[in-house]
Amino acid sequence: MSLTTRLCAVLLLVSSSSAEILNKSWWNNTVFYQVYPRSLYDTNADGIGDLKGITLKLPYFVESGINAIWLSPIYPSPMVDFGYDISNFTNVDPIFGTLGDFKILVAKAKKLGLKVVLDLVPNHTSDEHPWFQKALKGDEKYKNYYMWADGKDKDDKTPPNNWISVFSGSAWTYAPSQKQWYFHQFDYRQPDLNFSNPDVKEEMQNVLKFWLDLGIDGYRVDSAVFIFEDKELRDEPRSYAAGATPRDYTYLDHIYTTDQLPTYELFGSWRKYLDEYADEHNQDQKMMVMEAYTSFPHTMQYYDYDVTPFNFMFIINVTNSSSAQYFKQEIDLWMNSMPKGDIANWVLGNHDNHRVASRYPGRLDQMTMLSMILPGMAVTYNGDEIGMVDLANISWADTKDPEACNAGIEHYAAISRDPERTPFQWDATKNAGFSKANSTWLPVNANYKTLNLLREKSHESHYKIYKTLAYMHRKEPALTEGSYRSFTANNGTVLGVIRNSGSRTVLLLINFKDDIPQQVDLSAEGLPPKMK
Ligand code: GLC
């Protein structure tokens, strides 16, 4: 067969002998879409997206083939880390609306057959959370909700140990009122909760229940690897990572502050709780998908506790310069290591990483096809379906991301997460149709005049490819229940994926040599040389 474009997917009739993939829960074959609420749609002209805006756009998700949405945090927050610093776990921040707005959103989503998943941020609170405020006043009950330790020299200069925050610098901050240090994996305004305290476990289970009672379908669990730390607070060894300075997170090997066994056990207990809840209320199983940037074995370990680890391979392991062989190797590794019958997932982007169209220049459609044709759940970050790209050159003055701000004016640009968080480009009107405000919380990408949804609806476009694939992902039997096999051809120039169910087969061929057309002999793969 000849491949004149860089990519094609072909539906043909053929039989195959590879193993069946078993269905397990509703999120199998789902097109799972991350909404970053600040940037989706602003209905009250304050330059920031809101819940009413999301509700208005629900039909757009459905018409695009998306059948589940995950909302990044909507809870009250000082917004130091844009909602990942929560000051009340059981309400909605006024910037986004009210609990009433949320109830309307869920009711409309249900009518449309869309599942709604919320971001659960158990690792830490905002320093403005009443629990932490009480802790700072020495209230013993609430002090024990957080992690405290004496400094090494019992002074206010030497932290208890060498642990480093993900956002750089010591992971301990001195609280003069307590003459002790508190621990924070992220910003000093995000103190870590102490899950060794049963009261904290109970509080968080109540949070789980609160939103389940409002009808949600599950949780994306934030910062999953960070929940428990070594009780003895042992210093972490150096990693010797190239170029890492003593302030950088990568300077240490995080053997005592990530991936601890009690963390997995906690999630196992939440899985049990969610299952019991669903049983009791006669509802579909609740999703629990974990944000865990960690080693492969530690990633797979989540499956042992019946929760789903996000698969970040297309963000972290595989890059634009990886070979077809490497893509195959990594994809197969996931498929073969995951327990049989469990559900794979393929994340193309999120609010913490550069946009897929920027990471894979000119190859967005290939990546969309791959994520939709591989078995399991396809995960899309809002805007990636129309090929939005990172906003380049955001000035230091316009920079909002705390991680970038901590890095300082010299280094912020290299790590800032603002470029992938800009407002959704709906059309060619003011602010890309996102907001009627005079300015938006992050600048709108100037390319919106030509790169926007409305335009893509009327042209050959990334969006049209996305929509076709999203539909196939959910409806085509070869994809929903078919076996999976991958191969490379033409000396590693072409990556192939074959999905088969009975008489139906979907074949995906990706040409890794940009402009050199490939002729692929498929007889070696047991496929007929001529296909419909
Ligand atoms: C997760 C979020 C990220 C946030 C961090 C701290 O990694 O995805 O945006 O900064 O947790 O809460």
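The values are calculated or read from the model by the stated rules, or taken from the named source; none is laboratory data. The structure presented is a predicted model; accordingly, all values stated were derived computationally and were not measured. Here Cβ is always computed from backbone atoms with ideal geometry, including for glycine, and neighbour counts include all displayed protein chains.
Some values worked out for this structure:
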| item | result |
| --- | --- |
| Members of segment 75-95 found to be away from the ligand (no atom under 16 Å from the Cβ) and farther than 16 Å from residue 204 by Cα, listed by number | 92, 94, 95 |
| Single match in 97, 83 (criterion: buried (at least 23 other Cβ atoms within 10 Å of the Cβ) and not in a helix (DSSP H, G or I)) | 83 |
| Filtered residues of segment 279-326 (kept if hydrophobic (A, V, I, L, M, F, W, C), within 15 Å of the ligand (Cβ to nearest atom) and surrounded by 14 or more Cβ atoms within 10 Å (Cβ to Cβ)) | 289, 290, 292, 310, 312, 315 |
| All positions within segment 293-343 that are among the hydrophobic types (A, V, I, L, M, F, W, C) and closer than 25 Å to residue 253 by Cα | 296, 300, 310, 312, 313, 314, 315, 316, 318, 333, 334 |
| Residue identified as away from the ligand (no atom under 15 Å from the Cβ) and closer than 24 Å to residue 266 by Cα among 162, 123, 144 | 144 |
| Test set (1) in the same structural domain as residue 286 (by TED's automatic domain parsing); (2) closer than 22 Å to residue 266 by Cβ; (3) among the charged types (D, E, K, R); (4) more than 16 Å from the ligand (Cβ to nearest atom) - residue 108 fails condition number | (2) |
| Within segment 211-231, tally of residues that are crowded, with 16+ Cβ neighbours inside 10 Å and not in a loop (DSSP other than H, G, I, E, B) | 9 |
| Segment 357-385, residues that are in a strand (DSSP E or B) and among the β-branched types (Val, Ile, Thr) | 379, 380 |
| Count of segment 193-202 residues which are closer than 17 Å to residue 263 by Cβ, in contact (Cβ under 8 Å) with a residue 12 or more places away in the chain and not hydrophobic (A, V, I, L, M, F, W, C) | 4 |
| Odd one out for residue 350 among (1) in contact with a helix residue (DSSP H, G or I) (Cβ under 9 Å, 6 or more places away or on another chain); (2) more than 16 Å from the ligand (Cβ to nearest atom) | (2) |
| Any hit, segment 430-450, residues being within 16 Å of the ligand (Cβ to nearest atom) and of a type outside the set (D, E, K, R) | yes |
| Segment 135-175, subset more than 27 Å from residue 203 (Cβ to Cβ) and of a type in the set (Lys, Arg), residue surrounded by the most Cβ atoms within 10 Å (Cβ to Cβ) | 152 |
| Selection count, segment 314-353, where residues are touching a strand residue (DSSP E or B) at 6+ places or on another chain (Cβ under 8 Å) and not aromatic (Phe, Trp, Tyr) | 16 |
| From the options 170, 177, residue that is among the small types (Gly, Ala, Ser) and over 25 Å from residue 250 (Cβ atoms) | 177 |
| Unique residue being under 17 Å from residue 369 (Cα atoms) and modelled with pLDDT of 90 or more when the list is 4, 30 | 30 |
| Residue within segment 403-424 that is modelled with pLDDT of 95 or more, surrounded by fewer than 19 Cβ atoms within 10 Å (Cβ to Cβ) and hydroxyl-bearing (Ser, Thr, Tyr) present | no |
| First in segment 205-226 and closer than 19 Å to residue 284 by Cα, second anywhere and aromatic (Phe, Trp, Tyr) and within 16 Å of the ligand (Cβ to nearest atom), Cβ under 6 Å, 6 or more apart | 220/70 |
| Residue identified as charged (D, E, K, R), assigned to a loop (DSSP other than H, G, I, E, B) and out of contact with any His (no Cβ under 9 Å at 6 or more places or on another chain) among 352, 390 | 352 |
| Residue tally, condition part of a loop (DSSP other than H, G, I, E, B) and either among the hydroxyl-bearing types (Ser, Thr, Tyr) or over 22 Å from the mean Cα position of the chain (by Cα) (or both), over segment 232-283 | 24 |
